[in-house]
Amino acid sequence: MTARIGLLGLGAMGAPMAERLVAAGFAPVVWNRSRSAVEPFRGRTPVAATPAAAAAPVVLTMLTDLDGVLAVLDGPEGLRRGWRDAGVSDPVLVVMGTVSPVAVAELAATLARDGIRLVDAPVSGGVVGAAAGTLSIMVGGDPADVERAMPAFERLGSTIRHMGAVGSGQLAKACNQLIVAASVTAISEAMLLARRTGLDLSALADILEGGLAGSEVLRQKAANWLDEDFAPGGSAVNQLKDLRFAADAAASAGLSLPLAGVVQGLFAELVADGDGDLDHTAVYRGIERRAAVGASEQSEKKENPMSEPVVVTAIFVPKEGARESVLAALNTAIPDVHEEVGCLLYCIQEQNDGTIVMIEKWTSHELLDAHGVGQPVARLNAALEGLLERPVAVERLVPLPVGDPAKGAL
């Protein structure tokens, strides 16, 4: 007999996944933070007013980040309370959103001490795959725990692979997202080239799809490029988040991934320019803006490649309990620092691994090198004294031109 299932998170992916489970006769207990999302399910499957009320023996979460997972775990209306009240002694929590492989493994170790089993099972295939039940599901966890969630996985996906211990699913998803982001970027460049040279884009899409360049990205997203409509879907800011997870995984393995670094820089620039909430195919817009540079400027850049724009990130790791204090200090200190050096600050992101990322866009390597980052970083470290696990780490995301290897990371 299939165990009762809860599903928390009825967003763009969670809602069609819930529909699949309802259609398969699972009668999942569904919950969502905004009440309007549960209305289509009322009368068709149990609807929970709180996460505690959805605390089935197996609970699937389709939430944006681990902060969201932690929010539904704790408190008087959280899953822990619900499992305790229902007498569920060994629940399985399935994290299906894309999160940090390292952070999810740490959470699993923490929950295991309380008898809560964690399986990470991120998915690929988009909204179309969620609705059709054709998702690829990358699973990490103890085999016995994975087996308890497998009946639900089999209704949600057509390709399901157990990759190893907890965190392995997220590592596989990081690999997947590297390919997706690179594919979206390459197709964007091809479509821009075709449009500017007068090719029929619809015909080109057909030709590409029929050959080696065909892909699920092109099949699902071709209309975005053809119509230049990048309405919100899988967002650019989430793509950037996923690329950061991949970069962290690569760094922990002692690897440098050159293409991933370039693509990450392009998405960071896209977010910087205010397009982070658009579909990730909107990287086309960022590439188009770069391509709009006049011929004279292009000529200047060939003679002086140091005039190319550059994206820089600064990573802050707050001490436990100091996250809000770090954010407050940043909002106070950063505007003064950046007014002095003349760079454009465009984004501060809170990450679900507990770090805070500041992304800057400088108009050129020359400007960055002229000001340097030593004094601003020293100012920031002073403003955050006692609040950080380690000093601010600064990284130049868009690589300098080949031939100047001494100026890679700051």
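The values are calculated or read from the model by the stated rules, or taken from the named source; none is laboratory data. Bear in mind that the values here come from a model prediction, so they are computed numbers and not experimental data. Here the Cβ is made from the backbone with ideal geometry for all residues, glycine too, and neighbour counts use every protein chain on show. Ligands, DNA and RNA are stripped out before the accessible areas are found, and what is left, the full protein with its side chains, is counted by its heavy atoms. Shrake-Rupley method; radii C 1.70, N 1.55, O 1.52, S 1.80 Å.
Some points to look at:
- Residue 97 in contact with a Ser or Thr (Cβ under 7 Å, 6 or more places away or on another chain), within 21 Å of residue 137 (Cα to Cα) and at pLDDT below 95: yes
- Residue within the stretch 54-64 that is at pLDDT below 95, open to solvent by 10 Å² or more (accessible area, probe 1.4 Å) and under 22 Å from the mean Cα position of the chain (by Cα) present: yes
- Looking across the stretch 1-13, the residues that are in contact (Cβ under 8 Å) with a residue 60 or more places away in the chain and either open to solvent by 40 Å² or more (accessible area, probe 1.4 Å) or not in a strand (DSSP E or B) (or both) come down to 2, 3, 9, 12, 13.
- Selection within the stretch 19-47: residues that are in a helix (DSSP H, G or I) and under 23 Å from residue 81 (Cα atoms). The member of this set that is least open to solvent (accessible area, probe 1.4 Å) is 38.
- When we screen 253, 333, 249 for residues that are at pLDDT 80 or above, surrounded by fewer than 19 Cβ atoms within 10 Å (Cβ to Cβ) and farther than 30 Å from residue 195 by Cβ, the only hit is 253.
This table checks each residue for (1) closer than 30 Å to residue 107 by Cα; (2) at pLDDT 95 or above.
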position: 165; (1), (2): yes, yes
position: 168; (1), (2): yes, yes
position: 177; (1), (2): yes, no
position: 186; (1), (2): no, yes
position: 190; (1), (2): no, yes
position: 200; (1), (2): no, yes
position: 215; (1), (2): no, no
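- The residues of the stretch 107-147 that are farther than 19 Å from residue 88 by Cα, surrounded by fewer than 22 Cβ atoms within 10 Å (Cβ to Cβ) and not small (Gly, Ala, Ser), listed by number, are 127, 128, 134, 143.
- Tabulated pairs, the stretch 156-182, first open to solvent by 60 Å² or more (accessible area, probe 1.4 Å), second of a type in the set (Gly, Ala, Ser) and modelled with pLDDT under 95, C-beta under 8 angstrom, 6+ apart or interchain: 165/105; 171/249; 175/246
- Members of the stretch 178-229 that are closer than 18 Å to residue 122 by Cβ and in contact with a strand residue (DSSP E or B) (Cβ under 8 Å, 6 or more places away or on another chain): 180
- Residue in the stretch 198-217 that is within 25 Å of the chain's Cα centre (by Cα) and surrounded by 18 or more Cβ atoms within 10 Å (Cβ to Cβ) present: yes
- The set of residues in the stretch 219-229 that are surrounded by fewer than 19 Cβ atoms within 10 Å (Cβ to Cβ) and free of Cβ contacts under 8 Å to residues at least 60 places away in the same chain comprises 219, 223, 226, 227, 228, 229.
- Residue in the stretch 230-239 that is open to solvent by 20 Å² or more (accessible area, probe 1.4 Å), part of a helix (DSSP H, G or I) and touching a residue at least 24 places away in the same chain (Cβ under 8 Å) present: yes
- Subset tally (residues that are over 21 Å from residue 115 (Cα atoms) and touching an Asp or Glu at 6+ places or on another chain (Cβ under 6 Å)) for the stretch 22-67: 1
- If the condition is being within 27 Å of residue 252 (Cβ to Cβ) and part of a strand (DSSP E or B), then the stretch 150-183 contributes 159, 160, 161, 162, 163, 164.
- Residue pairs meeting the criteria (Cβ under 7 Å; at least 6 apart or on separate chains; first more than 21 Å from residue 285 (Cα to Cα), in the stretch 195-212; second open to solvent by 70 Å² or more (accessible area, probe 1.4 Å)): 209/219
A quick yes/no check of all residues on (1) surrounded by fewer than 18 Cβ atoms within 10 Å (Cβ to Cβ); (2) in contact (Cβ under 8 Å) with a residue 40 or more places away in the chain; (3) of a type in the set (Asp, Glu):
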| site | (1), (2), (3) |
| --- | --- |
| 74 | yes, no, yes |
| 80 | no, no, no |
| 92 | no, yes, no |
| 101 | no, yes, no |
| 105 | no, yes, no |
